Structure formats: C-alpha cells, structure tokens
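Structure first, then comments.
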Amino acid sequence: MFIKLDEWAGRNAVTKMEISFMQNYDLAETAPGQPGYDYWNGHFQIDYISATNAIDFSFNAEGEKEGFTASTGTLGGTGGELVYEWDGQEGLLESPTLMLDTAKRNGMSLTMTNGSGSSEVLIQWRTGDGIWSEDNMKRFTIPTEGKFTQNFNFSDQTSWNGEITAFRIIPQAASGTLKVDQIRFKQFAQLEKPYDGNTQARIEGGGLVIEGTLNQAFVEAHPSEQLYLIELATYEDAKSVLGAKSAIAEANLAQSFRFEIGLTDAERSRLYSKFVVAARTAEGEYVAIDAPQYVTNAEVMAGNTEPFPQAQSSKGLQVQMTGDAQELGISHAALNVAYNELMYKANIHPDNTIAYEIEGETYYFRKDKIERIDNEIKSMSDNGILVSLILIMYNSKDPESANEYLIHPDSE
C-alpha cells in the first residue's frame with residue numbers, strides 16, 4: 001500500500017501516526033456492538049512502514065523521480081519515464097532507500113529505453129551494512145538501442161542476501177540516455193552456478209575416455225587437489241545422489257585432465273551410464289565441474305553401419321491399416337506403439353512371454369504384441385517403405401501391465 005502525501009499541506013509537520021482497522025468502512029449491515037462497528041477483532045500484520053519518495057517505480061507522475069538520484073548529468077521524470085542523460089563522465093542511477101527481502105524477491109524486471117549504444121549494464125546493490133561493494137554487482141547484456149523489457153536475475157549471486165536497502169543502475173558508456181519506464185521486483189527460478197570446466201566422454205581404443213579442461217582460476221584456487229570420476233545410472237539425479245557415490249577413478253586437478261576406464265564393469269556395459277567429474281570442497285562434498293556426460297560416439301560399437309535409408313518420395317501416412325497404406329503407394333509410414341501394452345509386470349504368462357535380461361534384471365515382453373508390431377513393420381519395410389515408430393504411454397488400468405513401474409507417480 002502506498003499513501004501519497006505530496007499534495008497534503010501538513011506533510012512537513014507529521015509527528016505521530018495511528019493505524020486503526022474496521023471490518024466495514026461504511027458500516028453497511030453492521031449492527032452496533034458487532035465486530036467492525038466500533039472495534040476490530042481480526043488479525044493484521046504490518047511488516048514495515050517507511051517514509052520514501054518512491055511511489056511504485058512506474059514514474060507516471062510528471063516531474064516525479066521517485067527518490068532516484070544521479071551522480072552526474074541530468075535526471076528528470078517526464079512522459080511517464082525516468083529520463084537520465086550523461087556526457088563525458090561515468091553515469092550512475094541510484095534508487096531511494098528500500099527494504100527488500102531477498103528471500104521473497106531475487107531479481108527485478110526493467111522496462112527501459114537504451115540510448116547509450118552500450119550492450120551492457122551493471123546492477124549494483126547495497127545491503128544492511130550500508131556499503132557499496134564491487135562484490136555486490138552483476139553485469140548484464142542488454143539491447144544496444146530501443147525500448148525493451150528484461151529480467152535481471154540475481155539468484156546466482158551469494159551477496160544478494162538478507163535485505164537490500166538500495167540499488168544502482170550503472171550504464172557502460174561514457175555518454176548517452178537511459179529512459180526507465182518501470183521497475184518491478186520479482187521472484188525468478190534459481191539460476192545454476194556456471195560450471196568451472198568442460199568434460200567429454202567417448203569410446204577410444206576399446207575403452208572409455210573421459211577428459212576435459214578446467215578454468216585456470218579454478219585450478220589456481222585448488223592447488224594440489226584431486227579430481228574424481230563418478231558413474232551414475234541414466235535415471236539418477238546428480239544433485240541428489242552425488243554425495244553418496246564413490247569415485248571409480250581419481251586424477252590430479254589440473255587445467256587438462258583425462259580418465260581411462262573399461263567399457264564394461266564386469267558384464268555390465270557402461271554405454272548407458274553418465275559420468276560426472278567432480279572436485280571436493282573443504283568439507284569433503286563433491287562439486288561437479290561440468291554437467292553429467294554420456295558417451296558421445298556410441299556408434300563405433302554398432303554392428304550395423306549401413307547408412308540411414310532415404311524415403312523415395314515425400315508421400316507418407318500415420319498408418320493404421322498397413323495393407324491400405326501400401327496400396328496408396330506411400331514411401332514412409334509412422335506407426336503408433338503403445339508401450340503400456342508391450343510388457344507384463346511379472347512372468348505370469350510364460351507361453352506368451354519374451355524374457356529379456358539386462359544387468360541382473362529380467363523383463364517380460366508380450367510375445368503376441370511384439371510379433372504383431374514386427375509383422376506390420378516387415379510388411380512395409382520389405383516393400384521399400386521407411387517406417388518410424390511413435391512411442392506412446394497410455395495410463396492403462398490393466399492389472400497385468402507394467403505401467404505402475406513405467407509411469408512416474410507424479411505424472412498427470
């Protein structure tokens with residue numbers, strides 16, 4: 001709530017403030033003695049009260065700067081915008097005093113016009129200690145000209161913390177004009193901290209090689225330390241499971257690193273695994289230096305190296321009746337494959353089951369469904385039709401289906 005006092009004659013003589021509450025300001029349908037007639041029985045919380053020139057940072061009042069100041073140049077409020085012009089000296093716009101809770105607002109959205117030609121702007125902020133520090137700033141890329149609206153997210157800045165008491169907009173040009181139309185503080189999705197390195201996993205010489213590079217600054221900050229190679233299953237989330245994993249290899253922390261491991265772990269293939277290279281914090285926690293990486297050249301293991309076939313023409317259909325489709329002379333076809341119909345959750349129909357074992361687990365496919373799909377595909381591919389499959393997962397209520405293991409419980 002904002003109460004505007006600029007046109008009130010007594011605004012310079014305020015000595016006391018009283019706040020009272022009534023349930024119905026006009027007492028409509030409220031009888032004497034009821035709550036809201038002459039007393040308040042509800043709950044109301046005041047987080048803070050501050051005297052300020054800020055209205056709502058929309059700058060709609062002609063001539064009103066809403067408490068903003070400038071270090072150099074000229075500043076004014078005109079045409080619904082905060083207009084700042086500077087020439088020959090570093091420009092700087094400073095906000096009025098704020099009480100911004102960073103737990104509820106981790107960024108701001110600015111609508112403004114850039115007349116400086118610069119492609120960057122610095123946003124600096126001050127916290128409760130009252131100090132303007134170079135640690136409390138972030139550089140953003142912006143359009144070099146014209147009006148735009150852009151979000152400025154500080155969730156990756158550890159110094160955006162506690163209470164923000166003011167902020168600055170610092171153009172990165174020696175001269176120019178900025179016109180600020182509106183400022184809104186918002187809560188954005190958390191930004192991920194940039195990784196400190198790059199990693200790649202590939203098959204080389206019959207084994208797996210995981211290698212990459214680290215930023216020089218990271219290397220200098222971690223002298224004589226180690227890097228750790230951690231293997232994860234496809235479905236595992238690195239953030240939640242990394243701490244419980246044991247490294248399968250170690251290497252010296254250096255600007256360039258290389259791990260060499262086997263393509264298999266006993267009989268288990270590592271082609272489906274993903275790999276994380278991590279360092280350790282002083283507390284012993286793993287910190288990934290890059291996102292998890294899969295093998296990028298698995299095709300070198302392929303038994304079939306024939307080139308991918310090309311359709312003879314652009315004529316194609318999503319097919320339901322293969323015979324009719326072939327009579328139409330199509331060159332490529334798409335078939336729906338209902339994945340929920342392909343598996344049993346247990347070996348309950350051994351005569352109609354194709355058992356498949358991988359990594360110590362046995363899975364049970366429905367023989368009749370597999371053979372039907374195989375026949376549909378073969379009847380078309382034998383006639384030169386390029387066949388694509390569309391995998392669909394229906395939420396079947398079939399008690400014999402493996403759906404309860406295939407569909408995530410939080411899916412809709």
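Every number in this text was worked out from the coordinates using simple rules, so none of it is lab data. Just so it is clear, the structure is predicted and the values come from calculations on it, not from any experiment. Don't worry about glycine lacking a Cβ; one is built from the backbone with ideal geometry, like all the others, and counts go over all protein chains shown.
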**Study point:** Sequence-distant residues sharing a close amide H with A334 (under 5 Å, placed H)
**Key:** L317, Q318, V319, S388
Review point. In what sequence, highest mean first, do 80-89, 181-190 appear when ranked by Cβ atoms within 10 angstrom?
Key: 80-89, 181-190
Study note, to complete from the structure: Asserting the computed 222 nm helical MRE of the chain (DSSP H runs at least 4 long, -39500 (n - 2.57) per run, divided by residue count, to nearest 500) equals -2000 deg cm²/dmol
Exercise for review: Give the residue from Y294, L92, G207 lying farthest towards the positive end of the charge dipole for the chain; charges sit on Cβ (+1 for Lys and Arg, -1 for Asp and Glu) and the dipole is referred to the Cα centre.
Suggested key: L92
Check your understanding: Label-point separation (nm) for I55 and N352, each offset 7 Å from Cα along Cα-to-Cβ?
Key -> 7.4 nm
**Study point:** Proxy reagent accessibility, fewest Cβ within 10 Å first, across E327, E211
**Key:** E327, E211
Check your understanding: Roughly how many debye, to the nearest 20, is the charge dipole of the stretch 69-186 about its Cα centre, given +1 on each Lys and Arg Cβ, -1 on each Asp and Glu Cβ, and no other charges?
Key -> 380 debye
Practice item. Pick out, from G329, N347, I377, the residue whose Cα sits farthest towards the positive end of the charge dipole of the stretch 316-406, with +1 on the Cβ of Lys and Arg and -1 on the Cβ of Asp and Glu. Key: G329
Review point. Which values, in whole Å and largest first, are the semi-axes of the equivalent ellipsoid of the stretch 316-406 obtained as the square root of 5 times each eigenvalue of the Cα gyration tensor?
Key: 29, 14, 11
Study note, to complete from the structure: Residues meeting the amide H criterion for K186 (H placed from the backbone, H to H distance under 5 Å, 5 or more places apart or on another chain) are N106, G107, M108, S109
Practice item. Under 13 Å Cα to Cα from K193, which aspartates and glutamates show up? Leave out anything in the same chain fewer than 8 places away. Key: D156, D290
**Study point:** Sequence-distant aspartates and glutamates (8 or more away, or on other chains) whose Cα lies within less than 12 Å of K369
**Key:** E341
Check your understanding: Residue by residue through the stretch 356-362, which ³J(HN,Hα) values in whole Hz follow from phi under the Karplus form 6.51 cos²θ - 1.76 cosθ + 1.60 (θ = phi - 60°), with glycine and proline marked x?
Key -> 9, 10, 8, 6, x, 10, 10
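Taking the Cα centre of the chain as the origin, how large is its charge dipole in debye, to the nearest 20, when only Lys and Arg (+1) and Asp and Glu (-1) carry charge on their Cβ atoms?
Value, rounded to 20: 400 debye.
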Practice item. Give me the lysines in straight-line cross-link reach of K274: C-alpha distance below 16 Å, same-chain residues under 8 apart excluded. Key: K239, K245
Practice item. Per residue of the stretch 94-104, in order, report the coupling 6.51 cos²θ - 1.76 cosθ + 1.60 (Karplus, θ = phi - 60°) as ³J(HN,Hα) in whole Hz, putting x for Gly and Pro. Key: 10, 6, x, 5, 10, 9, 9, 7, 5, 5, 10
Review point. In the chain, with Lys and Arg counted as +1 and Asp and Glu as -1 at Cβ, which of these residues, S240, A31, S175, has the Cα nearest the positive end of the dipole, that is, farthest along it?
Key: S175
Point to revise | Nearest 10 degrees, 0 to 90: helix 367-381 Cα axis against the chain principal axis | key: 90 degrees
Exercise for review: Output ³J(HN,Hα) for the stretch 111-127: one whole-Hz value per residue in order, computed from phi by the Karplus curve 6.51 cos²θ - 1.76 cosθ + 1.60 with θ = phi - 60°, and x for Gly and Pro.
Suggested key: 10, 7, 10, 9, x, 9, x, 7, 9, 9, 9, 9, 10, 10, 9, 10, 9
Practice item. Take peptides 305-317, 265-277, 386-398 and line them up by average Cβ neighbours within 10 Å, highest first, as a rough protection proxy. Key: 265-277, 386-398, 305-317
Practice item. Rounded to the nearest Å, what's the spacing between the alpha carbon centres of the stretch 335-382 and the stretch 313-331? Just the number, please. Key: 24 Å
Check your understanding: Assigning unit charges at the beta carbon (Lys, Arg +1; Asp, Glu -1) and nothing else, what dipole magnitude in debye, to the nearest 20, does the stretch 197-301 show about its Cα centre?
Key -> 120 debye
Exercise for review: For the stretch 217-277 and the stretch 73-146, compute the distance between their C-alpha centroids and round to whole Å.
Suggested key: 42 Å
